[in-house]
Amino acid sequence: MIKEINGLHHVTSLASDAQTNNDFFTRTLGLRRVKKTVNFDAPEVYHLYYGDAEGTPGTVMTYFPFQGARRGKAGTGEVGTTVFSVPKGALPYWESRLTEAGTANLTRDNRFGAARLRFSGPDGDGFALTETEDDPRAPWTGGGVPEEAAIRGFHSTDMRLADPGATAELLRFMGYEEADTQGEVTRFHVPGGNAANVIDLTRVNAPMADQGAGSVHHVAFAVEDRAAQLSVRKALMDTGYQVTPVIDRDYFWAIYFRTPGGVLFEVATNEPGFDRDEDSAHLGQALKLPSQHEHLREILEARYLEPIRD
Ligand code: ZN
């Protein structure tokens, strides 16, 4: 069994407009944009990262905004809801903040005893805030949300699966333990992980999702360093998973594999982090290009990457 995974590292989704996406995460949700770069595999598209002050693994929501992309169609084999942790008692603040911002589909519910506020992102993305007691993480407060309400990072992701059995087996292999069941939802958590250490699997009877704007593209799990990542890669491959070679993403090292339920998983290193190429006071401000695309800067800025107004 794998023991090196500490919880979520980041969640990456698709969007239809960079400016709208930026405004929603930095203004409405009050996260810090910790990196403005491009999709390394499609450099004409931004890759925007939002998180806490440093972009600590377990807090980082990232987006590929493909301008004008059509919306995805919800279904199975995908992440249905990405859930952020907020302090106990913070939901009334958020309910009024999100109402004022015109956020769609605000709904209160309760899961495994914790109060939640569900809402949709600008492209129909499924989100929720859940009240968590004793989340030790310090929030970013430069985004206009007071400390007593600000987002601490991820709490969990909820995957919608036609048959959760094989994915549950995979999570156990990855070091997760079954914690609870409520109706069609089974909760897993990784002991000793970071605070983003919960995964819910929901059995849903629906066709496969069709990815587009508002869909989660992949979920990344955190490992400390490259040695841990190599050991996870070997364990997955020995079990029969097709895993990519290690890929340098500048701010972390990544491996990817498709899971039996259809969701794309990544395992990413906590090293080297987002302050690798700019100092922490100015994270996310300048357009950072990986060295292999630096020669394209002029054409990317002139033709493809419309400047984002902060
Ligand atoms: Zn990723």
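The values are calculated or read from the model by the stated rules, or taken from the named source; none is laboratory data. Being a predicted model, the structure only gives us computed values, none of them experimental. Positions of Cβ are generated from backbone atoms using ideal geometry, with glycine treated the same way; all protein chains shown enter the neighbour counts. Areas reflect the complete protein model, heavy atoms only, side chains present, ligands, DNA and RNA absent. Shrake-Rupley method; radii C 1.70, N 1.55, O 1.52, S 1.80 Å.
Observations, loosely collected:
- Restricting A195, A220, A179 to residues that are crowded, with 19+ Cβ neighbours inside 10 Å and in a strand (DSSP E or B) narrows the list to A220.
- Qualifying residue in the range 123-143 (condition: touching a helix residue (DSSP H, G or I) at 6+ places or on another chain (Cβ under 7 Å), without any contact (Cβ under 8 Å) to a residue 24 or more places away in the chain and open to solvent by less than 60 Å² (accessible area, probe 1.4 Å)): no
- The selection criterion, being away from the ligand (no atom under 15 Å from the Cβ) and touching a residue at least 24 places away in the same chain (Cβ under 8 Å), does not hold for F40.
Residue by residue, here is whether (1) out of contact with any Phe, Trp or Tyr (no Cβ under 6 Å at 6 or more places or on another chain); (2) open to solvent by 20 Å² or more (accessible area, probe 1.4 Å); (3) more than 16 Å from the ligand (Cβ to nearest atom) holds:
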position	(1), (2), (3)
K234	yes, yes, yes
P245	yes, yes, no
V267	no, no, no
E271	yes, yes, no
F274	no, no, no
A281	yes, yes, yes
E301	yes, yes, yes
P307	yes, yes, yes
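- Consider the range 247-262 and keep the residues that are farther than 22 Å from D163 by Cα and open to solvent by less than 50 Å² (accessible area, probe 1.4 Å). The one that is farthest from the ligand (Cβ to nearest atom) is D250.
- Considering only residues in the range 106-122 that are touching a helix residue (DSSP H, G or I) at 6+ places or on another chain (Cβ under 9 Å) and under 18 Å from L14 (Cα atoms), the one that is most open to solvent (accessible area, probe 1.4 Å) turns out to be P122.
- Applying the criterion of being open to solvent by less than 40 Å² (accessible area, probe 1.4 Å) and within 14 Å of the chain's Cα centre (by Cα) to the residues of the range 201-217, the residue that is nearest to the ligand (Cβ to nearest atom) is V216.
- Counted residues, the range 224-257 - those being within 18 Å of L171 (Cβ to Cβ), of a type in the set (K, R) and free of Cβ contacts under 8 Å to residues at least 24 places away in the same chain: 0
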